[in-house]
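Down below is the structure, laid out as structure tokens.
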């Protein structure tokens, strides 16, 4: 899952990035309104976290412009504005939720999960053969036996399952799962793929995660 945080206070932005990445989200940040809007309109994000008061363009205006193109992507305001009228105004601008600063990270995390569950509807867990990944409980099962993964292993498996049947290029994996946007030694992906295969006990007879030489990987039903 990819999150865009538009926040001009570096301390808050860094706090959110660190906390969300520890929960296996990929996070991008912007500290100015126009830059945040440009990034949001790329369509790469599953949810937006917007401050209200930003240099160059307010979070309200970002939300309004964003809603002209993306009607379903959740938007949550993070703001010190706390009157009932301001809350209503923020929601009327197109936001899905509104959380007042200062806030507890655990509350924000649960609000994010609520919005993502609402967006997903009743799609249920992501599956691949006998493997099942539940985004709500953050659990992975194979033949009803729970498989314990690290946060990054979980994020990698989620990415592969969300793109099941399509080849996932190494550069796209490193950008989406590790949030790295430059030329990088992608051999780290091989290490995590091998760890996934081992933990999921994927034998040669169960090649659910296949290597596409010179390109990347594909999660594929047999």
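In the range 72-93 there is at least one residue matching the filter, namely being in a loop (DSSP other than H, G, I, E, B), modelled with pLDDT of 90 or more and within 20 Å of the chain's Cα centre (by Cα). Pairing residues of the range 9-31 that are at positive phi with residues that are in a helix (DSSP H, G or I), at Cβ distances under 6 Å and at least 6 apart in sequence or on separate chains, gives 24/151; 24/154; 24/155.
When every residue of the range 35-54 is checked against the conditions, none turns out to be in a helix (DSSP H, G or I), out of contact with any strand residue (DSSP E or B) (no Cβ under 9 Å at 6 or more places or on another chain) and surrounded by fewer than 17 Cβ atoms within 10 Å (Cβ to Cβ).
Contact map, the range 136-155: residues that are more than 11 Å from residue 199 (Cβ to Cβ) paired with residues that are in a loop (DSSP other than H, G, I, E, B) and at pLDDT 90 or above, Cβ distance under 6 Å, separation 6+ or inter-chain. Pairs shown: 143/130.
The values are calculated or read from the model by the stated rules, or taken from the named source; none is laboratory data. Quick caveat, the model's predicted, so the values are computed rather than measured. Quick reminder, even Gly has a Cβ in these numbers, built from the backbone with ideal geometry, and neighbours come from all protein chains shown.
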